[in-house]
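The values are calculated or read from the model by the stated rules, or taken from the named source; none is laboratory data. Because the structure is predicted, anything quoted here is derived from the model rather than measured. FYI the Cβ positions are ideal-geometry reconstructions off the backbone, even for glycines, and counts take in every protein chain you see.
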Amino acid sequence: MSEISTAEKYSQPEVVTCWQNLSKQGLQKCEQEMISRYFPATGRLLDVGCGAGRAVLALNQAGYTVSGIDLSLPMLLAGRALSAEAQFSAANLLALPFANNAFTAVFMFFGALQHIPGRARRRQAMAELARVTQPGGRLILGLDNLAPALSCYVYWLLEKVCRPARASGSNHARQPSAADATLWSRETRRVHPLVWHARGLARTLRWRTWPGWVDLARQFYPNGAEPGDAQVAQFSLQSTPGLVYYHLYRADEVAADAANAGWRLLGHHSGTELNENRLYPSYIRRQDKQQFFAFEK
């Protein structure tokens, strides 16, 4: 499969239609939790990599004033088809068309930052986000690992077996699974549970185990790629033609790049933790599929 640009991938009709449909569903529980914990009740927000406006539309309804930017014109047109009043514009994250201190807070769900090749350029993007944010303003980053690590599956399995026993005699019911609250849930995709979990395990082996071996080899045989660099085809419910650059971040790498741009870390959570209102051990949190970071300027 050939490599294509990020703008080309997110302009494919199947991808645009998928994200336009998802925009009608609003925010995930994990995203709502990050907004409520770290953003002020009102203010001017910037959604970077807004796609078809899923978060823009939801937060406008919640009382915020939100501007959305994206590289893909078809995505922006899809968002405008859902709301003519929403503020959408085409822009590059490396050179944002906004004045200094223009926003109360900025956010990025589903990893637009991960499409930028080269650590120096990703740090430049972090600095641009800081430039357009007011002093004391906040940044939320949602980054995608594409699949949880095997250790996450083992931990969750043990929790499923042991937690009911520990909770026996308690009046508190177990929280619903994160799969019930995400855009990519089994229910959304209408897949049999056995197929769903087999697919998840295969993705873990593909996206968490194999890249680890590749990064290990890169230490001895550098080929110009950085640890975490990958090529991915799926940015909708189904894979579409063309591979796109995607950087799989490590948690300490995110914190270091943000600090380099003047951001102070406030919180790090996994999507599953936020969906289930629980706290995981650090080694599980850092290896979950969705990672959320909150920073202050």
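It is to be established whether one or more residues within the stretch 56-74 are within 20 Å of Ser11 (Cα to Cα), part of a helix (DSSP H, G or I) and within 16 Å of the chain's Cα centre (by Cα).
Yes, because at least one residue in the stretch 56-74 is within 20 Å of Ser11 (Cα to Cα), part of a helix (DSSP H, G or I) and within 16 Å of the chain's Cα centre (by Cα).
In the stretch 1-43, what count of residues is obtained for those that are aliphatic (A, V, I, L, M) and assigned to a loop (DSSP other than H, G, I, E, B)?
Of the residues in the stretch 1-43, 4 are aliphatic (A, V, I, L, M) and assigned to a loop (DSSP other than H, G, I, E, B).
Would you please name the residue that is modelled with the highest pLDDT, looking only at residues in the stretch 92-123 that are closer than 24 Å to Asn21 by Cβ and in a loop (DSSP other than H, G, I, E, B)?
My answer is Phe109.
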